[in-house]
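Student: What follows is a single structure, and I will ask about it in a moment.
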Amino acid sequence: MRAYERIVEVLGDEADAESREWVRRKYTIRVRVAGVAAFALFVMIMGMSGTPWFAISTFILLPLMIVAVFFGVFMRGSVNKGLTRLIDDDCDPLLCARRTLALLEKDKKNADPRSGLFSYAYALRWQGKWNEAAKLMRALEDDADPQGQFLYHNLLAYCAWDKRDLKGLTAEVKALKELPAEGLSKDAASHIAEHVALRDMLSKELNGKPSKAAAGYLQVADDPKALPAHRVLFSLKAAGCLADPAERHARLAYVAEHGGTTWCMAEARKRLEKESRKGLGAPAGTAS
């Protein structure tokens, strides 16, 4: 089943008009313009070559090849990178999910169903819709392709960490390590190592070593090279481990201001309101 069809069937989510228009402007129109340009360039080259029979024999195949390569690699790739930046740089998984869904609808014949499901589920994860993300990815749990199983366990590992589910995260790490390496993408090992590090930090947090967990979270949150979304997420995680009220408040205030449409923003605001009710808000002169 294609990714868009499964999303509609499992979650009932459908592309909205605004996102469809965005896909039309950013993808469809550019694809058509590039196709005309590629075809015109081919005709010009064949006309200059002085070999009409060669031109006729390849009149259909070569233009299609050029267009397919250009569209498949450059055009869709550039749109996908733009969607990824909506989460990484803009902290806006809600908009990312909407536009991803519209792109999957438009390009549903060519889009890889596994990657499409993961992309949409990943945006759901960042919105805090962990159950919906897991439900959507369940189709890949017993996938014959190891990469499909990797995407399933990779997504569930992120969700388990978000929810502070150490048992679940440990189980997902075990499942990831048991997958055959030869059937996985080149970056699979680095993702597994990331989950191991997250598990270790969560273990410290839940097993009486919050200061050590906070140190690990803050190392990521304060890294100048860290993506904005990661700074928000790890700042929230650190806030849950900090003993000093003022430092904790500052971290939560940062997440509440910069969290965008991520679940982190809503969670930070909820914690700030709770602390305010308890009289543990920011010290005088500190922005809230």
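Values in this text are rule-based calculations from the coordinates and carry no lab data. Everything quoted here is computed from the prediction, not taken from an experiment. Cβ placement follows ideal geometry from the backbone for every residue including glycine, while neighbour counts extend to all protein chains displayed.
Student: Provide the FRET efficiency to the nearest 0.05 for the Glu5-Glu141 pair, computing r from the beta carbons and using R0 = 22 Å.
Tutor: Values: r = 18 Å, r/R0 = 0.83.
My answer for the efficiency is 0.75.
Student: Moving to a separate point now. How large is the dipole of region 141-207 about the Cα centre if only Lys and Arg carry +1 and Asp and Glu carry -1, each at its Cβ, rounded to the nearest 20 debye? Numbers along the way, then the final one.
Tutor: Values: 8 positive and 13 negative charges, 77 e Å.
For region 141-207, the charge dipole is close to 360 debye.
Student: Further, regarding this structure: Give, in nm to one decimal, the length gained when the segment between Asp89 and Asn207 is fully stretched (0.36 nm per residue of separation minus the Cα-Cα distance). Show your work: numbers first, answer last.
Tutor: Numbers: separation 118, 0.36 × 118 = 42.48 nm, distance 3.27 nm.
So the extension gain works out to 39.2 nm.
Student: How big is the charge dipole of region 122-254 about its Cα centre, in debye rounded to the nearest 20, if each Lys and Arg gets +1 on its Cβ and each Asp and Glu gets -1 on its Cβ? Numbers along the way, then the final one.
Tutor: Working: 19 positive and 18 negative charges, 104 e Å.
Computed charge dipole of region 122-254: roughly 500 debye.
Student: Something else now. With the radius of gyration and the Kirkwood radius both derived from the Cα set of region 209-280, what is their ratio Rg to Rh? Don't skip to the end; give the middle numbers.
Tutor: Numbers: Rg = 11.5 Å, Rh = 12.0 Å.
Radius of gyration over Kirkwood radius for region 209-280 works out to 0.96.
Student: Among Lys81/Lys204; Lys167/Lys209; Lys129/Lys209; Lys81/Lys135; Lys81/Lys270, which pairs are too far apart, with a Cα-Cα distance over 27 Å?
Tutor: Details: Lys81/Lys204 35 Å; Lys167/Lys209 17 Å; Lys129/Lys209 29 Å; Lys81/Lys135 25 Å; Lys81/Lys270 32 Å.
From Lys81/Lys204; Lys167/Lys209; Lys129/Lys209; Lys81/Lys135; Lys81/Lys270, over 27 Å: Lys81/Lys204; Lys129/Lys209; Lys81/Lys270.
Student: Okay, next question. From the phi of every residue in region 268-274, what ³J(HN,Hα) in whole Hz does the Karplus formula 6.51 cos²θ - 1.76 cosθ + 1.60 yield, where θ is phi - 60° and glycine or proline is x?
Tutor: Using θ = phi - 60°, the values come out as 4, 5, 5, 5, 5, 5, 5 Hz.
Student: Here is a follow-up. Given contacts defined as C-alpha pairs under 8 Å and at least six residues apart, what's the relative contact order of region 209-280, whole-number percent? Don't jump to the answer; show the numbers that get you there.
Tutor: Working: 77 pairs, mean separation 17.6, N = 72.
It rounds to 24 percent for region 209-280.
Student: Right, next: Quick check on region 86-239: what does the Kirkwood estimate of hydrodynamic radius come out to from the alpha carbon pairs, in Å? Show your work: numbers first, answer last.
Tutor: Working: mean 1/r = 0.0614 Å⁻¹.
Evaluated on region 86-239, it is 16.3 Å.
Student: Can you give me the C-alpha center-to-center distance between region 96-141 and region 221-268, rounded to a whole angstrom?
Tutor: When both Cα centres are located, 26 Å separates them.
Student: Now, a different point. Ser115 to Asp222: extension gain in nm, 0.36 nm per residue of separation minus the Cα-Cα distance? Before the final figure, lay out the partial values.
Tutor: Details: separation 107, 0.36 × 107 = 38.52 nm, distance 3.07 nm.
That pair, Ser115 and Asp222, stretches by 35.4 nm at full extension.
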